[in-house]
Structures are given as structure tokens and as C-alpha cells.
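Participant: Questions regarding the structure given below will be posed in turn.
The values are calculated or read from the model by the stated rules, or taken from the named source; none is laboratory data. Quick caveat, the model's predicted, so the values are computed rather than measured. Cβ coordinates were reconstructed from backbone atoms using ideal geometry, including for glycine residues, and neighbour counts include every protein chain displayed. Accessible surface is based on the protein model in full, side chains and every heavy atom, while ligands, DNA and RNA are left aside. Shrake-Rupley method; radii C 1.70, N 1.55, O 1.52, S 1.80 Å.
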Amino acid sequence: STSRRQRQMCIRDRAWYIREQKHILGTSDYAEVDLFETTDKEHTASTRRKRELATSIAQQKYNDMIARRYFCQLAYTNFGESDWAATFTYDHDHQPAPGDFDQVDRDWTNFTRRLKRFCKKTGREASKWMQVAEYSVVDEDGKVTGRHHHHVILQGNLTWQEIKDLWRDSTGRPMGLVKVEPIDLTCSSFERLTTYMTKASARIRRWRQSQGLQKPKTPRPNDTRWSRKRFDEAFALPDDREYWEKKYPGYTLRECEQHITGNNTKHLIVKLKKKPDTRRKNRRNQP
């Protein structure tokens, strides 16, 4: 009987199902779909557990990738082409000492407080933001690497000059240069921007965000839409735009990533962009 129970447990732990987990990125024109193998035990788990699995699959191998991916999804959910990509730097007089992470963090906290007060004073909604601090570090040999600066995605309810004027110390002196550029998703994407922001992993400790950011939505996962045969077929056709447009009408393929997880199972990340609406509008209903 013990051997029988063990065989039953092994059967339950085998990958029998293909899970489809969609990610709705706010009101943006982008969406993502995870397709991966899952077991009978995971199939019968609670909805909460299924959603946790969708964001932590193969966590032992993809921790860093998952964090960067969520950072990018958060950007797509809350920001767009009307917003800013900015870099805040320090001049010689204001550059904190190498390794002084606390001062760099305080400088950013002081900036966000000044930003919030300015928005309130001028009758505007408090600006949303996402920030990555890139630090100047000292290695074991005493060698200094990099300079402290901040990479930021910032809501576009302030002008570039107003943003620059707010990067100052308590006496009103500018703390350094500020480079502000509009986000242009026609020739770039949040993948490129967020990858650039988090590129120097050895000099980045964490990223921060303003309060009230909308989280990406993850609808209830579906374990029955995809058969193993169709999943294997899709895994062999990651770049077939026509194939994915048939699977997800109204969207076109941006990219399809293939992964083999730490459990030696297959995992697809399908990134989609909504097609423009080409239907003729009813002129009688137009102003």
C-alpha cells in the first residue's frame, strides 16, 4: 500500500496541465501571457496559490528576471507616452561619498517630498514615479566604481523645467544635472527603458515607487484552454506572428520568450500589443 501511495503521489506531481496566466497592464495597449506546465496538484490548488505560482515559477533560477519583469509590467500599467524618463545626477559639491547609500536615499526622499508640496501648491495631482538608484560602490580592493545617480519614470503633469528646478538642496542650490526626455513607445519600449535603468545590478540595491500605483491585473488562470500537443506546437513556433494573432484576436505579437525552468519544464512568455481599431466610425454619431 505504501508503494501504491508513492506512485499516486508521483502521478500527481507530474506535469499534466498547461496553465495560461494573463497579465492585464492597466489601460495600456500591452498584455502578457504566461504558458507553462503544471501538475495535477497545482491544478487543484486555490486561486490565490495559482496566481502566486504564475509570478514565482522556477523562482530558484529566475528571481532576478521576475523582479525586472514585474518592474516593467508596473511601468506599462501606470505610465505612457505623456510621461517622462529622467536621470538625476550630482555635481562635485553634492556627490555623496562612495558607499554612502543612506545619503543617496535621503536625497531622493527629500526630492519626492518637495515634488509633492509643489504639486499641492500648484493645484496638481501628486506625481506618480518609479525610481532606481545606481550607487557609487567601493569593492574589496578599495576601488571606487561608478557615480551616484537616479533613474526615474515620472508622471508628465510637470514640465521638464519644473522637474529640474526641484532637484536642489535645502538652500535652493541645484544639486546636479537633470536629463528629462519624453517616453516614446513608437521607437522604444518599457522593456528597453527598464532594462537600462536596472542594467548595473552590482551597483543597485533596490527600486522605489510612489504610493498609489496600480498593480498589473492577473485574471483567474486557465488550465484547460491549452492541450499539451498545442503547447508543444506553440513552443516550436515562438516567432510566428500569424499563429499568435489567431490565438489572441485583436492583438499582434511583440515578442515570445522561451524558457526551460529549473524543474526542466517549458515556459513561454507571450508579449502582445493591441491592434489599432480600423473600423469605420458611424459619422452620424460624430460631433
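Participant: Check Lys274, Lys246, Lys229 and return the single one that is open to solvent by 30 Å² or more (accessible area, probe 1.4 Å), touching a Gly at 6+ places or on another chain (Cβ under 8 Å) and at pLDDT 85 or above.
Facilitator: Selected residue: Lys274, the only one of Lys274, Lys246, Lys229 that is open to solvent by 30 Å² or more (accessible area, probe 1.4 Å), touching a Gly at 6+ places or on another chain (Cβ under 8 Å) and at pLDDT 85 or above.
Participant: Just to be sure I understand the filter: pairs with C-beta atoms under 7 Å, separated by 6 or more residues or on different chains, first member in segment 224-250 and hydroxyl-bearing (Ser, Thr, Tyr), second member open to solvent by 30 Å² or more (accessible area, probe 1.4 Å). Which pairs pass?
Facilitator: Short answer, once both residue conditions are applied: Tyr243/Leu237.
Participant: Against the condition open to solvent by 30 Å² or more (accessible area, probe 1.4 Å), closer than 23 Å to Asp93 by Cα and of a type outside the set (A, V, I, L, M), how does Pro219 come out, does it pass?
Facilitator: Spelling it out, it is not the case that Pro219 is open to solvent by 30 Å² or more (accessible area, probe 1.4 Å), closer than 23 Å to Asp93 by Cα and of a type outside the set (A, V, I, L, M).
Participant: Quick one: in segment 178-190, which of the residues that are surrounded by fewer than 17 Cβ atoms within 10 Å (Cβ to Cβ) and of a type outside the set (S, T, N, Q) is farthest from Asp107 (Cα to Cα)?
Facilitator: Cys187
Participant: Cβ-Cβ below 7 Å, separation at least six or inter-chain, first residue in segment 152-176 and open to solvent by less than 40 Å² (accessible area, probe 1.4 Å), second of a type in the set (Lys, Arg) and not in a loop (DSSP other than H, G, I, E, B): which pairs?
Facilitator: Filtered contacts from segment 152-176: Leu166/Arg114; Met175/Arg168.
Participant: Scan segment 64-102 for residues that are assigned to a loop (DSSP other than H, G, I, E, B), among the hydroxyl-bearing types (Ser, Thr, Tyr) and buried (at least 19 other Cβ atoms within 10 Å of the Cβ) and report the count.
Facilitator: Of the residues in that region, 1 qualify.
Participant: Going through segment 103-144 one residue at a time, which ones are open to solvent by less than 80 Å² (accessible area, probe 1.4 Å), closer than 22 Å to Thr77 by Cα, assigned to a loop (DSSP other than H, G, I, E, B) and not small (Gly, Ala, Ser)?
Facilitator: Within segment 103-144, Arg124, Lys128 meet the criteria.
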